[in-house]
1. Using the Cα centre of region 1-84 as the reference point, and only Cβ charges (+1 on K/R, -1 on D/E), how large is the resulting charge dipole? Debye, rounded to the nearest 20.
2. Report the net charge of residues surrounding residue 261, where surrounding means a beta-carbon distance below 12 angstrom and charges are Lys +1, Arg +1, Asp -1, Glu -1.
3. Loop only by DSSP, 16 or fewer other Cβ within 10 Å of the Cβ. Give me the GluC sites (Glu not before Pro) in region 188-277 that pass, ordered by residue number.
4. Just to check I understand the Karplus step: with θ = phi - 60° and J = 6.51 cos²θ - 1.76 cosθ + 1.60, what whole-Hz values come out for region 342-358, glycine and proline as x?
5. Report the net charge of residues surrounding residue 323, where surrounding means a beta-carbon distance below 14 angstrom and charges are Lys +1, Arg +1, Asp -1, Glu -1.
6. Using helices alone, what [θ] at 222 nm do you get for the chain, with -39,500 (n - 2.57) per DSSP H run of 4 or more residues, divided over all residues and rounded to the nearest 500?
7. Any number yet on Rg/Rh for region 27-167, C-alpha, Kirkwood?
8. Treat each spin label as a single point 7 Å out from the Cα along the C-beta direction, and report the residue 348 to residue 385 distance in nm.
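Read the figures in this text as sums done on the coordinates, not as results from a lab. Since the structure is predicted, the reported quantities are computational estimates derived from the model, not experimental observations. Every residue, glycine among them, receives a Cβ derived from its backbone with ideal geometry; neighbour counts consider all protein chains shown.
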Amino acid sequence: VNAAMAPPADGLWHNLRVERALCDPPCAATEPTAIGVRDGRIAYVGAIDAAPPEFAALPRHDGGGAYVTPGLVDCHTHLVYAGDRAHEFAERLAGASYADIARAGGGILSTVRATRAADEETLYQAAARRLRHWLAEGVCAIEIKSGYGLDLATERRLLRVARRLGDTHHVTVRTTFLGAHALPAEFAGRADAYVDRVAREMLPVLAAEGLVDAVDVFCDDIAFSVAQSERVFDAAAALGLRVKMHAGQLSDLGGVGLAARHRALSADHLEHLSARDIDAMRDAGMVAVLLPAAFYALRDTHAPPIDALRAAGVPLAVASDHNPGTAPVLSLLLAMNMAATLFRLGVDEVLAGVTRHAARALGLESTHGTLGVGKPANFVLWDLQSAAELAYWIGAPRPRIVVRQGTIAHRAADAT
Ligand code: NIG
Ligand code: FE
């Protein structure tokens, strides 16, 4: 369906089995359940007989017994870039490590070269082709990071493309400025000067242009130090922007403690994470974003400390981390399977990880992530029995119907 043509979802959707754990407020134990949509918002969840009388005059949509979840949320992607890194995949198969390739000027920097050379339309078209995969899987909100430009003009181009994707596809896009993703070649040996450029020039300009919803830093031994990350976070704070951090992917520099002091929305990756920083995350109300596709693609063996995070009560989100280097994955559902299989998340945790907790990792908890009365209508009808099937099938489930931003955005027949 062309987003501009999608019919409104207003009316009473009935004959549904809704995911009770994600109803907000909790819905009575009636089944089948109905969801009432009015003016593009969820206005009612409950028994069809108890629906407010105003729905009598609105259309009825028979859900045919479908299982219903909130629209999915992918809270960590690097969706906009040019080129690919299939050649580096081949090098890794021949024995090179991700860090070796990065230190030799490949890795993120090879995507930066391709991206700088691409115009806005080329970047837009490539990202729009990729985005279709997320939309077909029932994703209703997606975070898109910059970070393959590493200069003002190209970072701006990436963020503009991200904004445009949201406008043209009727999907909620949250932009994250990741200028501190890697050290660009022209700053080799001058990391502090580059961080200055990010914090004092790029971020304030892009924020003033309304292109930045949040700010991220790659804090790791092949990227930026804790002190450098702090300068970027201070600049974000001065602009009133929330922060998040790529942390603990290859090494633990202790950046999560800094992120907690800055009340970060999330820390992401977290394969290497200390007990002290887990407590700091909990105390700061941060979300732990797990990225099992990157773990899988790098053949990592050191899983994040899931049990300790769970025991501390840190909310766990699951995201694709789509990027051309470490996570060339075009499926959030596959990342869900990997979170279960590789990280041993339970079915309910996986589902909360791509809905309630993912929304919170983006600061979108008031509009996304639950079947919440008053929230914009974002929900998915699946031809599945339960959440277990969402995590269980590898590469198969497709929604029957996706209601996104109050419109019927996809039906199974056009999900291909
Ligand atoms: O999330 N960790 C840093 N950034 C990406 C990798 C980006 C790339 O290799 O192009 C990640 O894994
Ligand atoms: Fe990432």
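1. Working: 5 positive and 10 negative charges, 25 e Å.
About 120 debye.
2. Numbers: positive: 263; negative: 230, 234, 277, 283.
Net charge in that neighbourhood comes out at -3.
3. Details: sites: 201, 209, 230, 271; in loops: 209, 271.
Filter output for region 188-277: 209.
4. Ordered by residue, 3J(HN,Hα) equals 8, 10, 6, 5, x, 4, 5, 5, 4, 5, 4, x, 10, 10, 4, 6, 5 Hz.
5. Neighbourhood net charge equals -4.
6. Details: 16 runs with 144 residues, N = 416.
Estimated from H runs of four or more residues: -10000 deg cm²/dmol.
7. Numbers: Rg = 22.3 Å, Rh = 18.7 Å.
On the Cα set of region 27-167, Rg over Rh gives 1.19.
8. About 1.8 nm, to one decimal.
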